[in-house]
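A short worksheet on the structure shown next.
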Amino acid sequence: MPVPLFDTATPLAPLQAELRSAVERVLDSGRYILGPEVSAFEAEFAEYVGAAHAIGVANGTDALTIALQAMGVGRGDEVVVPSFSFYASAEAIVPTGASAVFCDIDPETFCVTAETVRAVLTPRTKAVIAVHLFGNVAPVAEIEALGVPVLEDAAQAAGSRGPDGRPGALGTAATFSFYPSKNLGAFGDAGAITTSDASLAERVRELRFHGSTDKQTFERLGYNSRLDELQAAILRVQLPHLERWADGRRTAAHSYEASALAELCSLPRATDGSDPAWHLYVIRSERADELETALRADGIEVRAYYRLPTHRQPAMLVDVALPGTDEAARTNLALPISPVLSEAQAGEVVAAISAVLGA
């Protein structure tokens with residue numbers, strides 16, 4: 001049987017009636033922008049991650065730009081960001097007027113470290129974007145100890161746990177994407193910013209609505225970036241199930257780890273003290289491209305991520321040595337994972353890998 005990289009439909013199947021009811025509730029209310037569903041979701045999501053405030057925005061990319069601007073990042077500043085991440089992690093810096101400074105990662109965890117950040121700090125560094133890549137939890141406290149504010153890019157880490165709490169409550173602020181394939185997914189684009197800084201939260205609320213709080217007076221040059229009522233209602237239905245789904249992802253990862261897979265390739269290593277809800281389960285192999293071709297031919301959906309890291313992308317080309325990034329980009333391959341990936345499916349994946357690499 002084919003094994004999909006993501007299975008978003010099966011976990012949602014038992015929730016169809018409740019999801020339809022939530023959509024109908026919004027339609028019946030006639031409130032579509034910044035209404036009671038958004039307010040309720042913001043409160044519920046803030047409580048879940050352990051932050052004082054959550055502010056819904058249109059998508060995860062806007063969340064990064066707005067959060068950085070609310071943190072005071074602007075023209076002439078530098079923001080440290082890993083190159084081995086989705087392009088938006090760095091792209092979102094540009095609208096603030098600041099410059100992206102690329103740092104390396106630990107290829108075993110796929111996350112930035114205090115050492116890789118320290119190596120590129122300058123007097124112009126205004127913030128560090130710590131990406132909780134693939135659901136692993138970056139060492140935010142160690143990076144903050146360097147004396148620079150940390151913005152968590154938690155787009156892939158809803159449901160993960162770190163040694164000091166959940167992503168979303170570890171740094172100065174955090175951003176989330178609720179793209180449909182994420183651990184907590186909307187039925188379209190959606191995002192949020194979390195923080196326990198009340199004044200920062202208020203600036204975010206202004207920035208997401210054209211720099212205004214009353215639609216009459218505009219204190220800032222802002223954005224038109226709001227989480228809408230329909231998506232908030234859909235997310236509210238799913239949020240109570242997020243922890244169970246996160247546990248399902250951990251179980252799937254344990255199925256891989258309990259097999260002989262580690263004898264064939266390098267498995268992802270959780271950062272110290274963290275318990276990731278793996279959004280992607282990414283192995284490394286010198287034969288990753290060969291493996292991708294063979295597994296796809298067997299009906300097993302796998303995918304290489306960020307083969308061309310951001311610092312090598314035409315729009316953001318920078319000549320900088322990032323050996324950990326280059327290794328991860330060259331050797332990574334994401335295996336199927338979801339809250340409902342069965343032990344049998346994981347075994348089928350491992351058997352297919354063994355057929356290629358075991359020889």
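The values are calculated or read from the model by the stated rules, or taken from the named source; none is laboratory data. Note that this is a predicted model, so its numbers are computed, not measured. Don't worry about glycine lacking a Cβ; one is built from the backbone with ideal geometry, like all the others, and counts go over all protein chains shown.
Overview of results
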item: Filtered residues of the range 94-118 (kept if surrounded by fewer than 18 Cβ atoms within 10 Å (Cβ to Cβ) and either part of a loop (DSSP other than H, G, I, E, B) or among the polar types (S, T, N, Q) (or both)); result: Gly97, Ser99, Glu108
item: Leading residue by the ranking (nearest to Val340 (Cα to Cα)) among those in the range 4-35 that are charged (D, E, K, R) and either surrounded by 11 or more Cβ atoms within 10 Å (Cβ to Cβ) or not assigned by TED's automatic domain parsing to the domain that holds Gly191 (or both); result: Asp7
item: Boolean, Val38 is over 20 Å from Ser199 (Cβ atoms), outside the structural domain of Tyr87 (by TED's automatic domain parsing), touching a strand residue (DSSP E or B) at 6+ places or on another chain (Cβ under 8 Å) and aliphatic (A, V, I, L, M); result: no
item: Boolean, Phe84 is of a type in the set (Phe, Trp, Tyr), at pLDDT 95 or above and assigned to a loop (DSSP other than H, G, I, E, B); result: yes
item: Selected residue (only one of Glu18, Glu44 is within 19 Å of Gly191 (Cα to Cα), in contact (Cβ under 8 Å) with a residue 60 or more places away in the chain and of a type in the set (Asp, Glu)); result: Glu44
item: Members of the range 309-326 found to be touching a Pro at 6+ places or on another chain (Cβ under 9 Å) and either free of Cβ contacts under 8 Å to residues at least 24 places away in the same chain or not in a loop (DSSP other than H, G, I, E, B) (or both), listed by number; result: Thr310, Pro323, Gly324, Thr325, Asp326
item: Subset tally (residues that are in a loop (DSSP other than H, G, I, E, B) and either free of Cβ contacts under 8 Å to residues at least 60 places away in the same chain or of a type outside the set (A, V, I, L, M) (or both)) for the range 246-298; result: 16
